[in-house]
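The values are calculated or read from the model by the stated rules, or taken from the named source; none is laboratory data. Since the structure is predicted, the reported quantities are computational estimates derived from the model, not experimental observations. FYI the Cβ positions are ideal-geometry reconstructions off the backbone, even for glycines, and counts take in every protein chain you see. To get the accessible areas, we keep the full protein, side chains included, count just its heavy atoms, and leave off ligands, DNA and RNA. Shrake-Rupley method; radii C 1.70, N 1.55, O 1.52, S 1.80 Å.
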Amino acid sequence: QVQLVESGGGLVQAGGSLRLSCAASGLTFSNYNMGWFRQAPGKEREFVAAISKGGGSTDYADSVKGRFTISRDNAKNTVYLQMNSLKPEDTAVYYCAARYFVYSTNAFQYNSWGQGTQVTVSS
């Protein structure tokens, strides 16, 4: 049974930084592409960033490009999201997700999800 547990969320002022972590268990981590998604109140879940199984490919939403960095440590079964220059519009619940084998940035194609971690950016 795949389990994904996010951590690292919190309250930060605009311009600040946070690092989210997602620890995975119950899977062969190196066979899974990983993604970060977010959902703000009253809005649909949206793509933030994705990273391929080996870490060689990454993608970002235009809204976070240049500010966020996704990375992974396959030895630790963990994916990270470094978030810099945070803006109030980044406020959302952030979810990590796993997709077996085939790389995707489409939330509907991800099979396993964490419970989410709240990120709040104050102005």
Identify, from the list 12, 2, the residue that is among the β-branched types (Val, Ile, Thr) and surrounded by fewer than 17 Cβ atoms within 10 Å (Cβ to Cβ). 2
I want to confirm something. Restricting to the stretch 103-123 and keeping residues that are open to solvent by less than 70 Å² (accessible area, probe 1.4 Å) and not in a loop (DSSP other than H, G, I, E, B), which single residue is modelled with the lowest pLDDT? 107
So which pairs qualify, if the first residue must be in the stretch 51-64 and farther than 16 Å from residue 99 by Cα, the second must be assigned to a strand (DSSP E or B) and open to solvent by 60 Å² or more (accessible area, probe 1.4 Å), the Cβ gap must be under 8 Å, and the two must be at least 6 apart or on different chains? 61/46
The conditions are (1) outside any strand (DSSP E or B); (2) open to solvent by 60 Å² or more (accessible area, probe 1.4 Å), and residue 59 fails exactly one of them. Which is it? (1)
Answer yes or no: is there a residue in the stretch 86-102 that is at pLDDT below 95, under 23 Å from residue 10 (Cα atoms) and surrounded by fewer than 21 Cβ atoms within 10 Å (Cβ to Cβ). no
Just one of 64, 48 is at pLDDT 95 or above and not in a loop (DSSP other than H, G, I, E, B); which is it? 48
